[in-house]
Amino acid sequence: MISAEHLTVTLNGQEVARDVSFWLNDGEMAALVGPNGAGKSSVLKALAGVTPSAGEVRIGGYPADKLTVRERARHLAWLPQTRPVAWNLVVEDVVALGRFAQAPAPFDRMGQADRAAVCEALDKADAAHLSGRPFQALSGGEQARVHLARLLASPAPVLLLDEPCAALDVAHQLDLMRALAAEAAAGRTLLIVLHDLELAARFCPRILVMQAGALVADGAPEAALSAGTLADVFGVRKNADGRLERANR
Amino acid sequence: MSRLTLGLALVAAVLFALSAIVGTAAVPVSDALAALAGQGDERVQAIVWELRLPRAVAAFAVGAALGLAGAALQGLLQNPLAEPGVLGVSAFSALGAVVAIFFGFAAVNSFAVPVAAILGASVATLLLVFAAIRGAGSVTLLLIGIGLSSFAGALMSLALNMAPNPYSLADLVNWMMGSVANRSWADILLGAPGWVIGAALVFLAGPGLRALSFGDETARSLGADPARIRLLVIGGTSLLAGASVATAGTIGFVGIVAPHVIRPFVRHDPQRLLIPSALLAGIILMAADIAIRVLPFQQELKLGVAAALVGGPVFIWIAARLGRASA
């Protein structure tokens, strides 16, 4: 469970997210959508505690600013939009870092349970066959799946994902969304920044729409992605075939 | 302990024994080995225990400290070219030592030199990390390092000019070239606190260095506090480099070469890099020190010069490979 109340994020003197309030329950899977620059990533960063913000964030009922860096990591895991890896680590060690708050060891020095969790996460992300490979030798899509495995390896009950589908082919995008739905079914709370509205509507029972730093819609896909929102926020409309096309403004 | 660490420790042990045998005084191998075991001629025992072993221990400790500091700084700055010598940390440390000596603080308290050297090192490290936080990339940091080195050189000359009781230029040159010749157990004891505490701080930062591979923000979200890691590494490397400079002057490049060689053997893990890099750098410096004792030069080659003769080209090679990778 995670909630934000009057969350405001200021970057270089500019409010990139303004007075954002919402509440996600255990087992809920929500998409956070909006045009470029709407403030989606900033909200995720503020929730993850990696950027300063005003307002209140509560994770699992606790005020987040009362948690230490490590306690927060136990409650919440974040997959950033840009994912640098400085050294050519092996795949298992990248994924093992997902459990850093519990077990700050490289894969082969972890306990049995932690290692099993890493292997399971690799499996879920369809990356088990990549273990043992040096990270920098992987393709962009393979790297994205290893990062996803890193996130899933965390035992945190709240998962925040920023554009997890980027760099993935269509089949892997569907696999990814199914894997995430399974995590929600298992009781985890997920907030996922997505650009593909159809993918969002298909897999996420709840959609939060941001525009110019504000939360402008929140609800089931049909309600949150109404014709009005599509036109006002995204500048698109559904044509007769149900496909999105650019609206004439 | 990994097999790599064990192997390196064995090599180091062999080199310690070799250090007892090799030197300018003509001592038969069997006598030197007997002296090492505390037997035989007292004169030979004195040569081995009071001259050769302290020198070997100093070379190993200085090398290991620089290797450890290099590996830790590389992990912190995510830059394989980082090292106390290249980044100007050693030069600032030498500046601290020179000030302590030439202005008479060293005469007041024997810990003045190591403390001043550690303070000098921390000034440079703080500047570098400040630049890194402000977003300075690899090239900028190296350029700042070059600037810091030259600036420290100029300040050392200035210190010499202004010193109330200047020594000869040869003393300054000694500090800038680096050597472990004629080091005693007392010198090593002066450096020991810096090495031990510095190493402990760096090891505490070890797991965090691996998390830092993902950058500051993600590391923080994983539960590793970047500010704490930076503090540990700055404190640790300043102590390691400062104590080393106080013992042996500035010796460059060992801190780059050792981690670079070790990295593929530890799966490029910044934490597991630390101990083997320290051992290898200690081995390199001990081997270099044995080599310069054996080389038939009239004037003994300075250890810092020998290290730079090998390390400089290796540095250029790594930099060229990096340039190609990022091009």
If we ask which residues in the stretch A:84-104 are within 7 Å of another protein chain (Cβ to nearest Cβ) and either surrounded by fewer than 19 Cβ atoms within 10 Å (Cβ to Cβ) or free of Cβ contacts under 8 Å to residues at least 24 places away in the same chain (or both), their number turns out to be 6
Looking at (1) small (Gly, Ala, Ser); (2) out of contact with any Gly (no Cβ under 9 Å at 6 or more places or on another chain); (3) surrounded by 15 or more Cβ atoms within 10 Å (Cβ to Cβ), which is the only condition residue A:220 fails? (3)
Any idea which of B:120, B:70 is of a type outside the set (Ser, Thr, Tyr), surrounded by 24 or more Cβ atoms within 10 Å (Cβ to Cβ) and within 13 Å of the chain's Cα centre (by Cα)? B:70
What number goes with the only condition from (1) at positive phi; (2) crowded, with 19+ Cβ neighbours inside 10 Å; (3) not acidic (Asp, Glu) that residue B:65 does not pass? (1)
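Do any helices (runs of 4 or more DSSP H) entirely within the stretch B:167-232 hold 1 or more residues that are within 14 Å of chain A (Cβ to nearest Cβ), and if so, which? I'd like the intermediate steps shown before the answer.
Values: elements: B:169-177, B:185-211, B:216-222.
Correct list: B:185-211, B:216-222.
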Name the residue, out of B:273, B:279, that is within 14 Å of chain A (Cβ to nearest Cβ), at pLDDT 95 or above and touching a helix residue (DSSP H, G or I) at 6+ places or on another chain (Cβ under 7 Å). B:273
Residue under evaluation residue A:108, criteria (1) within 14 Å of chain B (Cβ to nearest Cβ); (2) modelled with pLDDT of 95 or more, criterion not met: (2)
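Name the single residue that is nearest to the chain's Cα centre (by Cα) among those in the stretch B:244-270 being within 14 Å of another protein chain (Cβ to nearest Cβ) and assigned to a loop (DSSP other than H, G, I, E, B).
It comes out as B:270.
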Whichever residue in the stretch A:60-73 is buried (at least 21 other Cβ atoms within 10 Å of the Cβ) and more than 7 Å from chain B (Cβ to nearest Cβ) and, among such residues, is farthest from the chain's Cα centre (by Cα): A:64
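Wholly within the stretch A:131-220, which helices (runs of 4 or more DSSP H) include no fewer than the required count, namely at least 3 residues that are of a type in the set (A, V, I, L, M) and within 21 Å of residue A:120 (Cα to Cα)? Walk me through how you get there before you give the answer.
Values: elements: A:140-153, A:170-185, A:197-203.
Qualifying helices (runs of 4 or more DSSP H): A:140-153, A:170-185.
Report, by residue number, each residue of the stretch A:109-123 that is assigned to a helix (DSSP H, G or I) and of a type outside the set (A, V, I, L, M).
The answer is A:109, A:112, A:114, A:115, A:119, A:120, A:123.
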Is it the case, given these coordinates, that residue A:46 is within 15 Å of the chain's Cα centre (by Cα), touching a residue at least 24 places away in the same chain (Cβ under 8 Å) and either buried (at least 20 other Cβ atoms within 10 Å of the Cβ) or part of a helix (DSSP H, G or I) (or both)? yes
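The values are calculated or read from the model by the stated rules, or taken from the named source; none is laboratory data. In this text the structure is predicted, and so the values were computed from the model without any measurement. Here Cβ is always computed from backbone atoms with ideal geometry, including for glycine, and neighbour counts include all displayed protein chains.
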